[in-house]
Amino acid sequence: MSAPSFEAIWGAVPYPALVLGADDAICAANPAAESFGAVSARHMEGRPLGRFLGEDSAVLDVVRQARRSGVSVAQYDILVGWGDQAALSHNIHAAPLNENDGAVLLLIHPLGMADKMDRSLGHRSAARSVTGMAAMLAHEIRNPLAGISGAAQLLEMGLGDADRELTSLIQTEAARIGKLVDRVEQFGDLRPAQRRPLNIHDVLDRARRAARAGFAAHARFSEDYDPSLPPTAGDPDQLLQVFQNLLKNAAEAVPKVGGSITISTAYAPGVKMQRPGGGSESLPLLVTITDNGPGVPEGLVRDIFDPFVSSKVNGTGLGLSLVSKLIADHGGVVECDSRPGRTRFRVRLPVWRGAAPDEKERAGSGVVVSEAEA
């Protein structure tokens, strides 16, 4: 067997790879880089890297450090945004090609689904910790809360108008605490999902209709569905709750005038979850909910699914944590990427394969073992 040509090796590199000149202009780009930037190599070549990444990009610092030191330099988990794409975490490797001409090979490694799955499983564990607290809250808080509210009502009957304002405040705050306990108590439902084959579009349509009739009446909806999607394995009521929560989150984020929410579905094979009992399960069904709100603060994006983490002034931080728990219970994963003017939640779910996997096996699911996209 003859040695493969440079072109074959260059084309087979699975990560975006760029050759940069001494002036940081792009000299060559492999096919993965073209796909990554949605720009042809011909359009990139001869243009400075900063034009695509921004002149203040940390990637340029890595490239220049490699050129100055003459050795390979790596920097992990830094934000990279190409053009108008959202900035996402990547690992960067830069290595000088020649000592004299200043050429540098740049490799961009997107943090793949394995990292996202690890975080999703971590969110699931955190949600289970809230589960143990939920039962205690329901028992230890509801009874005295009812007593406080009842006592305030009795006091109100014998007070003047000025003092009734205070008892009304007590009742209002007691009701608010009661609603918070109701939301936390949802984590205490340990019943396994009653999975059966279902059309994900039926669930999305129910969630959309409910949203348009209520909390999202001010938003403009658009749908981009793939009608050929096979059925997924799921509990329709739990998945309805998931998508209602995501739509409510989007509706609260978009502006009252000009707010838009897009729901799309696609078949995206390549992401698989390994199970300890052997074998793996593919997550090819992709549901994306996009809004044109101001975006999630950069410091919260990675932790947005953790319990009690919220970007809202009066948010409890439980809605998205419940979403993560329910999707993990279905063997799927949910992720978020956000920038000002566009926030996108992606939900990946398995296809119905007949008998549902054993729940105990599901609870110990591992990380992604193969992926076709970052």
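Here, each number is a calculation from the coordinates, and none is a lab measurement. These numbers were taken from a predicted model, which means no experiment stands behind them. Here the Cβ positions follow ideal geometry from the backbone for every residue, glycine too, while neighbour counts run over all protein chains shown.
Couple of notes before you dig in:
- Fewest-first ordering of Cys27, Cys336 by other beta carbons within 10 Å of each residue's beta carbon gives Cys27, Cys336.
- Modelled spin-label separation between Asp56 and Ala38, with each label point placed 7 Å from Cα along the Cα-to-Cβ direction: 2.4 nm.
- q = 0.13, 0.16, 0.24 Å⁻¹, the stretch 6-111: log10 I(q)/I(0) [Debye, one scatterer per Cα]: -0.40, -0.63, -1.54
- Put in line by how crowded their Cβ is, counting other Cβ atoms within 10 Å and starting with the fewest, Lys179, Lys256, Lys325 read Lys256, Lys179, Lys325.
- Based on Cα contacts under 8 Å between residues 6+ apart, the stretch 6-111 shows a relative contact order of 26 percent.
- Ordering Ser338, Ser260, Ser69 by the number of other Cβ atoms within 10 Å of each residue's own Cβ, fewest first, gives Ser69, Ser260, Ser338.
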